[in-house]
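Structure record follows, encoded as structure tokens.
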């Protein structure tokens, strides 16, 4: 069932993009208005460049923050792994037994 739903996000994304583009310039698309008359006369080139540089700076900062956080997470995992490997497990003070004491290693046993 999930495999049949795999193309739906792509279809929805494409349909949304087409709808947005057709709605953005309806008069220019159908030839009722020239493209030269379709731009905004109140937005200067400086405003466009300022906005472009602002978005570029914001996405650059977000990218740097992302890389920093991923690096911190990886370093944290490496520290935890290093600590886990360096833990020395002390040997038990006596051998494990099933309810009765077992003889120590190397001790003589009287078999008789």
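A compact table of results
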read-out: Spacing of the two label points (7 Å from each Cα toward its C-beta) at residue 47 and residue 79, in nm; value: 4.9
read-out: Angstrom value of the Kirkwood radius, inverse mean 1/r, which spans all Cα pairs in region 8-84; value: 17.4
read-out: Residue-span extension gain [residue 36 to residue 59] - 0.36 nm each, minus C-alpha spacing; value: 5.2 nm
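Where a number appears in this text, it was derived from the coordinates with a stated rule and is not lab data. It should be emphasised that the depicted structure is a prediction, and the values quoted were computed from it without experimental measurement. Cβ: placed from backbone, ideal geometry, glycine included. Neighbour counts: every protein chain shown.
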